[in-house]
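**Student:** Below you will find the structure I want to go over with you.
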Amino acid sequence: MIYAGIQHDATDQTTGAPAAFHVVGTYTVDLRSKLTIAVILAFFNQDTYTAKKNPLFQTTATIKAVPPREMDPVSWIYEHLVQTAEGDANSNNIFANAVLIDAEV
């Protein structure tokens, strides 16, 4: 599955700006350390992203795994961002249980 982004209400801690649509801006895969680091850009909504407006803020996510070779790495990152670890009620994953938005292909 290919995703356009993540639908999730968030607020910038510095400015208080609300954002509801989040996309992977850049990512790095470290094969040796088995880490994936993604910069997530936050937009007011999907329309502002589609209109090529600037993001309101960004956050960095670290995933302790790497995407499999046969899968689109950005879709893999999105899927990992919305997962919650079983039994991990104190997870600091702000995108846990957020909604993935399918890309219109």
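The values are calculated or read from the model by the stated rules, or taken from the named source; none is laboratory data. Keep in mind the model is a prediction, meaning the values are calculated, not measured. Reconstructed Cβ throughout: ideal geometry from the backbone, glycine too, with neighbour counts over all protein chains shown.
**Student:** Could you identify the single residue in Val66, Val82 that is at pLDDT 95 or above and either farther than 19 Å from Glu104 by Cα or touching a Pro at 6+ places or on another chain (Cβ under 9 Å) (or both)?
**Tutor:** Just one listed residue meets the conditions, Val66.
**Student:** Pick out the one residue from Thr11, Thr59 that is more than 12 Å from the chain's Cα centre (by Cα), among the polar types (S, T, N, Q) and modelled with pLDDT under 95.
**Tutor:** Thr11
**Student:** Looking at the chain, what strands (runs of 3 or more DSSP E) fall wholly within it and have at least 3 residues that are of a type in the set (A, V, I, L, M) and either touching a residue at least 12 places away in the same chain (Cβ under 8 Å) or surrounded by 14 or more Cβ atoms within 10 Å (Cβ to Cβ) (or both)?
**Tutor:** Ranges flagged: 3-11, 18-30, 35-43, 99-102.
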